[in-house]
1. Using only helices, what value at 222 nm comes out for the chain when you add -39,500 (n - 2.57) per DSSP H run of length 4 or more and divide by the total residues, to the nearest 500 deg cm²/dmol?
2. Using the heavy atoms of the protein chains alone and a 1.4 angstrom probe, what is the accessible area of region 164-248 per residue in square angstrom?
3. Roll a 1.4 Å probe over the protein heavy atoms and report the accessible area of ASP12 in Å², nearest 10.
4. Pop a pseudo-label 7 angstrom from the Cα along the beta-carbon direction at both ASP165 and ASP107 and give the gap in nm to one decimal.
5. Test of understanding: what is the full-extension gain from LYS248 to LYS198, defined as 0.36 nm times their sequence separation minus their Cα-Cα distance?
6. Please list HIS91, HIS66 from largest to smallest accessible area, probe radius 1.4 Å, with all protein chains kept in place.
7. Carbon and sulfur together cover what percent of the accessible area of the chain at a 1.4 Å probe radius?
8. Run through region 120-222 and list the chymotrypsin sites (Phe, Trp or Tyr not before Pro) located in a DSSP loop whose Cβ has at most 13 other Cβ atoms within 10 Å.
Amino acid sequence: MNDKNKVIRPTDDEARSLAKRLIRMARFGALATLEAESGHPLATRTALATDMDGTPIILISELSAHRHALMSDPRCSLMVGEPGRGDPLAHPRLTMMGKAQRVDAEDPAHSRLKRRYLARQPKAQLYVDFADFAFFRIEPERASLNGGFGKAFLLDRADFVLPTDLVEELEPIEYGVVKHMNEDHREAIGLYATVLCKGKAPADEWWMASLDPEGADLVSGDLVERLVFPERLVSPQDLQPMLVRLAKEARSRQTAA
């Protein structure tokens, strides 16, 4: 057994869950590209959102060095995971390796990416429609997860990106459901955030940013919480019962507290 095999743990559901949580909750990440002129590694901080399948979304100007790098060579890596108190290396982080794929305004997916990105990065509304800005999906091929000291895992794309068929079924109704929840069920969103997710902002300050087959992203200013469904949705018809079920669970916990 080589030294690498001694360090890397077998990938399990706990590792997959942590990887997905790190991606979905990330407001920013460290993007590494290859400089167009020299091929030298180039690292920068970039704001993030995720598409429905969990693929990271970035919005970058053609004036930036990493935009030129990606247009020359789409290979890149993206690290997510915020350090907290104490040793920054003791906190979990995930590095994804893959290729950046530009999504033009004419692409049918563009409106979805724009909506999901602005739900997480509202200040980008100031420049999102500028001609020199474009969306890119970071299409991951694999990832390295460091869950803390002695907790290293190697993940394949399928470990943290959802299957296409699942998201394609939910995509047509996702925006309508999110809009409906924010307009008519803010109490439930507040309960999800403060009771089930232990969010730190007051209940009436939380909004639902987006949905996917495995959960919902809740935001309050710069705060983000991930509401993970007890089980993955099998069909769009499962979404409403799941949201009702979780609201009832939150109210029950709140009453019992």
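1. -10000 deg cm²/dmol
2. 49 Å²
3. Roll a 1.4 Å probe over it and ASP12 shows about 60 Å².
4. Computed distance between label sites ASP165 and ASP107 equals 2.4 nm.
5. Gain on extension, LYS248 to LYS198, equals 16.4 nm.
6. The ranking, largest first, comes out as HIS91, HIS66.
7. 53 percent
8. TYR127, PHE130, PHE149
The values are calculated or read from the model by the stated rules, or taken from the named source; none is laboratory data. Being a predicted model, the structure only gives us computed values, none of them experimental. When we count neighbours, we look across all protein chains shown, and the Cβ atoms used for this are built from the backbone with ideal geometry, even at glycine. Quick note on the areas: whole protein, heavy atoms, side chains included, nothing else; ligands and nucleic acids left out. Shrake-Rupley method; radii C 1.70, N 1.55, O 1.52, S 1.80 Å.
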